Amino acid sequence: MTQFGLSKDSKLLNSQDFSYLRTDSKQFGCPWFKVYFKSSMNNFVHSRLGISVSKKVGNAVVRNRTKRIIREYFRKNQIFKSLGLEILIVISPRLYKSDKREVGEANLLLGLDKLQRFLGKDK
């Protein structure tokens with residue numbers, strides 16, 4: 001059976017990883033989220049992803065769906081795997097200010113496309 005999620009070694013799991021990214025890291029911002037990224041502290045060849053979604057964004061269903069969309073985007077786009085970065089995405093509550101969920105999800109994907117172009121040229 002094929003596994004569709006991100007493996008454990010592709011995720012930021014503990015608070016040390018998150019705090020490492022909050023200090024002296026490069027940033028990318030768009031209206032819907034902020035991204036902190038830095039080269040891996042453990043010299044990993046592949047990138048690792050962390051996602052932070054506060055309760056202000058919405059209920060648990062909305063927060064978990066947002067995280068699933070981001071993880072799936074990173075899993076499908078090979079460019080992120082080979083960068084050797086640790087990436088933290090902090091979602092803004094503005095993402096779902098519209099009444100329609102589809103608008104928020106479209107904005108999220110648009111922002112992720114901009115991030116991919118930014119990291120691709122930064123490489």
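All of the numbers you see were taken from the coordinates with simple rules; none came from a lab. Bear in mind that the values here come from a model prediction, so they are computed numbers and not experimental data. Using ideal geometry, Cβ is built from the backbone for each residue, glycine included, and neighbour counts are taken over all protein chains shown.
Cross-link partners among lysines for K56, C-alpha distance below 19 Å, same-chain residues fewer than 8 apart left out? Hits, sequence-local ones excluded: K34, K67, K97, K100. In whole percents, the pair-distance distribution calculated for the chain from its alpha-carbon pairs, binned every 5 Å from zero, is 2, 10, 22, 24, 21, 13, 6, 1, 0.
Summarising the strand pairing of the range 8-122, around 65 percent of its internal DSSP beta bridges are antiparallel. In this structure, the amide hydrogen of G84, modeled 1.01 Å from its nitrogen in the peptide plane, lies closer than 5 angstrom to those of S47, counting only residues at least 5 positions away or on a different chain.
Each stretch of four or more DSSP H residues adds -39500 (n - 2.57); spread over every residue of the chain, this sum gives -12500 deg cm²/dmol at 222 nm.
Please list 3J(HN,Hα) in residue order for the range 48-55, calculated via the Karplus relation 6.51 cos²θ - 1.76 cosθ + 1.60 where θ = phi - 60°; whole Hz, with x for glycine and proline. Ordered by residue, 3J(HN,Hα) equals 10, 10, x, 10, 10, 10, 7, 5 Hz.
Take each of the peptides 27-39, 79-91, average the number of other beta-carbon atoms within 10 Å over its residues, and list them starting from the highest.
The peptides rank, most packed first, as 79-91, 27-39.
Given their separation in residues at 0.36 nm each and the Cα-Cα distance between them, R94 and K55 gain 12.8 nm when the chain is fully extended.
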